[in-house]
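Here the structure is laid out as structure tokens; the discussion comes afterwards.
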């Protein structure tokens with residue numbers, strides 16, 4: 001089971017083009033939030049049309065798992081809290097988005113949305129509790145914000161800890177959590193692209209300029225994680 005994990009592409013289309021060239025070399029592609037970019041000159045509704053096409057193209061090459069980040073929200077849901085409705089609407093065979101859990105062999109993937117308030121927070125808690133039932137040998141989460149208690153929260157000036165995620169990890173003890181959100185975490189003093197919370201590995205590939213996005217390749221069978229960060233790289237044994 002080889003997983004290619006990226007986050008925070010922020011509508012950088014050359015990075016999506018790169019993904020279309022390499023996706024087929026992996027068993028799964030994990031896009032961990034902020035697929036779009038609210039600061040772009042391209043209107044958000046136009047971005048989502050383009051991104052929908054990329055996602056469907058990628059899903060024709062490998063299994064795609066895509067979770068939302070704060071830049072992907074496009075309006076309130078029926079409960080009045082912000083959601084990425086365009087991403088939920090993109091769900092298809094081979095394309096698993098916010099709210100999904102899917103088993104691939106002995107690995108369960110759970111794709112968590114960015115939550116905006118108490119209702120959507122509870123939806124994530126309920127999703128994780130349901131996915132914990134009958135879990136197979138390995139469990140991988142996609143969740144955009146990194147958990148409290150790890151160096152993945154550091155941007156060089158302050159920390160942005162997600163205490164709710166840390167609590168859910170302590171409760172359910174997944175094997176791997178793929179995050180993003182804090183672009184600078186792998187490069188700042190005291191930061192990193194990987195961390196441990198108990199027995200759980202947590203990863204944040206970060207975001208850099210260049211023709212290839214910062215990314216992590218996880219080989220769950222070999223028990224390795226390899227990080228590419230444009231100007232440097234690294235590896236850990238799981």
Every residue in the range 1-19 that is in contact with a helix residue (DSSP H, G or I) (Cβ under 9 Å, 6 or more places away or on another chain) and within 18 Å of residue 209 (Cα to Cα), please. 6, 8, 9, 10, 11, 13, 16, 17, 19
Considering each of 173, 135 in turn, give the residue that is over 19 Å from the mean Cα position of the chain (by Cα), in contact (Cβ under 8 Å) with a residue 12 or more places away in the chain, farther than 24 Å from residue 229 by Cβ and surrounded by 14 or more Cβ atoms within 10 Å (Cβ to Cβ). 135
In the range 28-46, which residues are over 12 Å from residue 87 (Cα atoms) and surrounded by fewer than 17 Cβ atoms within 10 Å (Cβ to Cβ)? 38, 39, 40, 41, 42, 43, 46
With respect to the numbered conditions (1) out of contact with any strand residue (DSSP E or B) (no Cβ under 7 Å at 6 or more places or on another chain); (2) under 30 Å from residue 133 (Cα atoms), which one is the sole condition not fulfilled by residue 209? (2)
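Please verify whether the range 36-43 includes one or more residues that are assigned to a helix (DSSP H, G or I) and either touching a strand residue (DSSP E or B) at 6+ places or on another chain (Cβ under 9 Å) or farther than 24 Å from residue 115 by Cα (or both). Show your work before the answer.
Narrowing the range 36-43 to residues assigned to a helix (DSSP H, G or I): none.
Looking for residues that are assigned to a helix (DSSP H, G or I) and either touching a strand residue (DSSP E or B) at 6+ places or on another chain (Cβ under 9 Å) or farther than 24 Å from residue 115 by Cα (or both), one finds none in the range 36-43, hence no.
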Does residue 88 qualify as being loosely packed, with under 14 Cβ neighbours inside 10 Å, out of contact with any helix residue (DSSP H, G or I) (no Cβ under 8 Å at 6 or more places or on another chain) and modelled with pLDDT of 95 or more? no
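The values are calculated or read from the model by the stated rules, or taken from the named source; none is laboratory data. It should be emphasised that the depicted structure is a prediction, and the values quoted were computed from it without experimental measurement. Ideal geometry is used to build each Cβ from the backbone, glycine not excepted, and the neighbour counts take in all protein chains shown.
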